[in-house]
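Participant: Here it is: the structure, laid out below.
Bear in mind these aren't lab numbers, they're just calculated from the coordinates by the rules spelled out. Just so you know, these numbers come straight off a predicted model, no measurement behind them. No Cβ is skipped: glycine too gets one built from the backbone with ideal geometry, and neighbour counts run over all protein chains shown.
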């Protein structure tokens, strides 16, 4: 099967055009309504109470003072909460266990009560009156804890080829080292909020989710009501970076509270609760072994990763997954292990697994380059994987070479002195570093619907979300292009589970899935219009098939004679139609279908750092990111995506570490003053270059750029810091004390 | 609970405003509301409110006046998402008690544009430079940016980056934000 990739048909091509974000005006005026902004008649407010220990049980919980406090409507604990069913499995794993079901504590910050009151002030004050007496036990907190359960090949992604140990032993040059990455916390600026309202057995939930089509069946199962009785709304979400991919316990508790008091309830998490209740990037310990020939050819790659996971929850964090396809190397072993601990449940955070795995692999490749005495970029070029090395199939697209070439050129890589500590600007040691990056291809089934009205405007929708990624904008562009309508005639809407099902905004997979569904729906709509006129010989387009026509200029014309055309308005008026609706769906193509190995985005990242020779201060001076993201639907917004990912990568490299008290597990820096994220003054000049061609796995040719901006930045910075200082930091974050 | 932990001690609010005798204070924290009457100007309109003495200006704007443009990102004055103008100066409204705004002039993102709905040059510049993604920090960024220009802290790109570093953007739109402010600063000076 060959997938035909669409080409831009309009005289003024809409695909690729850097139009402004269509939701911009609502967002700059404060009019965009996020879940926390929802107000309803008779709304009550809830505040959650969290456990202060990491393991043990609740001996006694005293809610009398809280219940007696002014304005309090209900206090739910494990003692009086109704039983809630276990949620269903999603493609990301089991739904987090329902809260308040027993007296056991398995993580710090686990919810032990929800207090509902008339006002937020009353709820917050009453929540502090709940007294909990714990029987604490010794929690499992460290990856190295021998008592912890270890899950081998937990994601089914371990890959082997060749004979790694023999190839490593025989290699001219051998390198091996361990790398660690700490827990990071997503910290979207938007505090996660849920507003739940019951009317009889029907439930409406406004929620900071990245996946309404998952929240709906999950809540239906947990509360024992039909899916048709649940509606989930998320038209605007204040960021997520993966935190909104699951139905976390606060959502369930809010729904439960609303059912209990028979009134709508709003819960807005506090910032400290954002550290314990909605997932985070788990810490990892990795070991990389590389064997190479003197000319730089890789002979063996061995990459082992261990990642923490909560005691009773799932998380997909395939850290070494990308290693097997990163380089042309005959002997590779890449494997993961998950370690069950009494930690706050990890979840997805921008480029889950890959962010950490790439740091270790690309740091090690850099170290190998110095061991051989070879330019790190030249070493990567020498091991470029012309075909996908695990399957032996051609890539569906791969412009990594162009990323190397154009990125290096723009950055001025040739000016790099080979030796560390050889470049200096006054008191600043200057370092150049780079890293190669990819993020795995991902696509899931998706549906979309389009309705064309007699006035010639189209309304396109799907239950997707736009968490700042630009979905509203690019889907409007794509629909306008496919229907041949001007932008002002197309509305794209999302964020409502009653719309056709969409996969999550996550895994860099939404644009390809939703874009393909929108494309299919719009093509089906054109076909429906042709069906309307098919037997009417007075119609210019009678007896035309989809292949005979082009949609353009607010109508349809024949390819063999552009004079044979009708506008949509004419077709509908002549046939007395109020509107025409068409559905579209997309399913992921497989490598068996296409004969290609599905390729995610590729990138080369080039970074200049400056390190104060005396003080160890680290400043990122500039970043060049060369990205192969397939077809870019909107270069302005895609550039923002990549820059945003880069900012996250700088945070991961230099600032971010969720710290917890040893032996206790309390998160010790759970505020935005203590958990450092990159601020405006930390961010240098950046350039983003898009290279490559449309990808061959879908008709729209996109690959998604949500994660690729982040991947590789931590390694490129670590490599640049080594080049500047001669100090290799293998444990993130790279703080100045490591350099003194 | 000992009297040394009563809510009245050290409080900036005069004890006469408490509903009960401070000597009979319940355990800290107080769980009962004390109503405070306020008169303040919000976006040019006088508002008379009766609020909980513990209410922040942010929650009051959002929950009582329906002005949800100012956002809660931390409730601790650490992220800047709730930035508004109080008597013309940028403040984090989450760390401002509503009672402190009595008799004062408040401008929120909803009051920044022209009466005809025209965007303020800063709002337009944020769109032009794609200085936002999820948009949650955006109202606070814009209110902070307008004040930054008025304070004279937008003379250079480095100044802007420094004086806008109290407004976090987790989507990482900082380059666009700095560019938008540079652009709007010149238009604001002309205007």
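Participant: Measuring from centroid to centroid over Cα atoms, what is the spacing of region A:489-555 and region A:367-428 in Å?
Facilitator: Here the answer is 43 Å between Cα centres.
Participant: If you don't mind, there's one more thing I want to ask. Could you compute the FRET efficiency for residue A:104 and residue B:165, with r as their C-beta to C-beta distance and R0 at 60 Å, rounded to 0.05?
Facilitator: Efficiency computed from Cβ-Cβ geometry: 0.90.
Participant: Return the average number of partner chain Cβ atoms within 10 angstrom of each residue Cβ along peptide A:191-202.
Facilitator: If you average over the peptide's residues, the count of other-chain Cβ atoms is 1.
Participant: Rounded to the nearest Å, what's the spacing between the alpha carbon centres of region B:140-191 and region A:80-102? Just the number, please.
Facilitator: 45
Participant: For region A:404-547, what is the relative contact order in percent, using Cα pairs closer than 8 Å and at least 6 residues apart in sequence?
Facilitator: That works out to 23 percent.
Participant: In whole angstrom, how far apart do the alpha carbon centroids of region A:105-160 and region A:188-244 sit?
Facilitator: Cα centroid of region A:105-160 versus Cα centroid of region A:188-244: 22 Å apart.
Participant: Tally the DSSP beta bridges in region A:289-380 and give the antiparallel ones as a percent, rounded to 5.
Facilitator: 30
Participant: Give me the extension gain from residue A:422 to residue A:486: residue separation times 0.36 nm, minus the current Cα-Cα distance, reported in nm with one decimal.
Facilitator: Length gained between residue A:422 and residue A:486: 17.5 nm.
Participant: Starting from the Cα-Cα distance between residue A:169 and residue A:328, subtract it from 0.36 nm times their residue separation and give me the gain in nm to one decimal.
Facilitator: Once the chain is fully extended between residue A:169 and residue A:328, it gains 55.4 nm.
Participant: Counting only C-alpha contacts under 8 Å and six or more residues apart, can you give the relative contact order of chain A as a whole percent?
Facilitator: 17
Participant: Taking the Cα of residue A:685, stepping 7 Å toward and past its beta carbon, and measuring to each backbone N in region B:143-167: which are under 17 Å?
Facilitator: B:156-161
Participant: Still on this structure, please answer the following. Please give the average number of partner chain Cβ atoms lying within 10 Å of the Cβ of each residue in B:122-132, rounded to a whole number.
Facilitator: Per residue, the number of nearby Cβ atoms from other chains is 5 on average.
Participant: When the helices in the protein assembly as shown are scored as -39500 (n - 2.57) per DSSP H run of 4 or longer and the sum is shared across all residues, what 222 nm value do you end up with, to the nearest 500 deg cm²/dmol?
Facilitator: Mean residue ellipticity at 222 nm (helix-derived): -7000 deg cm²/dmol.
Participant: On to the next question. Out of all DSSP beta bridges with both ends in region A:620-738, state the antiparallel percent to the nearest 5.
Facilitator: Antiparallel: roughly 20 percent of the beta bridges in region A:620-738.
Participant: According to a simple spin-label model (label point 7 Å from Cα along Cα-to-Cβ), what is the distance in nm between residue A:569 and residue A:612?
Facilitator: Distance between the two pseudo-spin positions: 6.6 nm.
Participant: Another one. Say R0 is 35 Å: what FRET efficiency, to the nearest 0.05, do residue A:225 and residue A:459 get from their beta-carbon distance?
Facilitator: So the FRET efficiency works out to roughly 0.75.
Participant: Compute the Cα gyration tensor for chain A, then decide on rounded, prolate or oblate, letting a ≥ b ≥ c be the square roots of its eigenvalues: rounded whenever a/c is under 1.5, prolate when a/b is larger than b/c in the other cases, and oblate in all that remain.
Facilitator: oblate
Participant: In what sequence, highest mean first, do A:604-615, A:220-231, A:524-535 appear when ranked by Cβ atoms within 10 angstrom?
Facilitator: Averaged packing, sorted descending, gives the order A:604-615, A:524-535, A:220-231.
Participant: What share of the DSSP beta bridges in the protein assembly as shown is antiparallel, in percent to the nearest 5?
Facilitator: 80
Participant: Turning to a different aspect of this structure: Once you place label points 7 Å from the Cα toward the Cβ at residue A:405 and residue A:85, how far apart are they in nm?
Facilitator: 5.8
Participant: While we're here: Contour minus end-to-end for residue A:391 and residue A:202, with contour as 0.36 nm per residue of separation and end-to-end as the Cα-Cα distance?
Facilitator: 63.2 nm
Participant: Obtain the nm distance between the two label points defined at residue A:371 and residue A:415 by a simple spin-label model: each point lies 7 Å from its Cα along the Cα-to-C-beta direction.
Facilitator: Taking the simple label geometry, residue A:371 and residue A:415 are separated by 3.2 nm.
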